[in-house]
Amino acid sequence: MDYYFSKTLNNITFSNAVEKISQELQKEGFGVLTEIDITSTFKKKLDVDFYNYKILGACHPTFAYKALMAENKIGTMLPCNVIVQEQKHGIIEVSAVDPVASMQAVMNKSLAPIAIEIRDKLKKVIDNL
């Protein structure tokens, strides 16, 4: 089982892709809690040039609440990460974590239906790009 799902986007800039994914996440009830710019972080901390790469930490409050009520340590695995990266020739790839795959490490069966619902919402976000 893959731990993520992805979609490749053409004819869009990196910054527009980040904006578009944020809008699509919002439509499905997610908020972007964190935005980590790997490119600038690597430049500042390591003086390394790295291609455009951002990690968006997306959270759906309703499902986060349900998950925390079922498993109080699940916060160690939140939020759901979505990455946007610019590949060769300006092609943008957007990938999201598959919460069903990541929840398999947690031995709590009550999380399964929550993870499935979150996965379905994240897949819809990716499909709508």
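The values are calculated or read from the model by the stated rules, or taken from the named source; none is laboratory data. For clarity, every value in this text was computed on a predicted model and none was experimentally measured. Note that we place each Cβ from the backbone using ideal geometry, even for glycine, and neighbour counts take in every protein chain shown.
If you filter segment 79-122 down to residues that are surrounded by fewer than 17 Cβ atoms within 10 Å (Cβ to Cβ) and aliphatic (A, V, I, L, M), you find that the one that is nearest to Ala17 (Cα to Cα) is Ile91.
Here is a yes/no grid of residues against (1) among the aliphatic types (A, V, I, L, M); (2) at pLDDT 95 or above:
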{"position": "Ile21", "(1), (2)": "yes, yes"}
{"position": "Ile38", "(1), (2)": "yes, yes"}
{"position": "Val48", "(1), (2)": "yes, yes"}
{"position": "Thr62", "(1), (2)": "no, yes"}
{"position": "Ala70", "(1), (2)": "yes, yes"}
{"position": "Glu86", "(1), (2)": "no, yes"}
{"position": "Met103", "(1), (2)": "yes, no"}
{"position": "Ile116", "(1), (2)": "yes, yes"}
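The residue list Phe50, Phe5, Phe63 contains one member that is closer than 28 Å to Ala115 by Cα and not in a helix (DSSP H, G or I), which is Phe5. Quick check, is Asn16 free of Cβ contacts under 8 Å to residues at least 12 places away in the same chain and either under 24 Å from Arg119 (Cβ atoms) or surrounded by fewer than 18 Cβ atoms within 10 Å (Cβ to Cβ) (or both)? Judged against the criteria, Asn16 is a match.
Out of everything in segment 66-78 that is of a type outside the set (Gly, Ala, Ser) and part of a helix (DSSP H, G or I), what residue ends up being surrounded by the most Cβ atoms within 10 Å (Cβ to Cβ)?
As a first pass, look at segment 66-78 and keep what is of a type outside the set (Gly, Ala, Ser): 66, 68-69, 71-74, 76-78.
From the residues that got through so far, the ones that are part of a helix (DSSP H, G or I) too are 66, 68-69, 74, 76-77.
Details: Lys66: 18, Leu68: 13, Met69: 11, Ile74: 20, Thr76: 7, Met77: 17.
The residue in question is Ile74.
If you check Thr8, Thr39, which single one turns out to be over 11 Å from the mean Cα position of the chain (by Cα), more than 13 Å from Leu56 (Cα to Cα) and exposed (fewer than 15 other Cβ atoms within 10 Å of the Cβ)?
Result of the check over Thr8, Thr39: Thr8.
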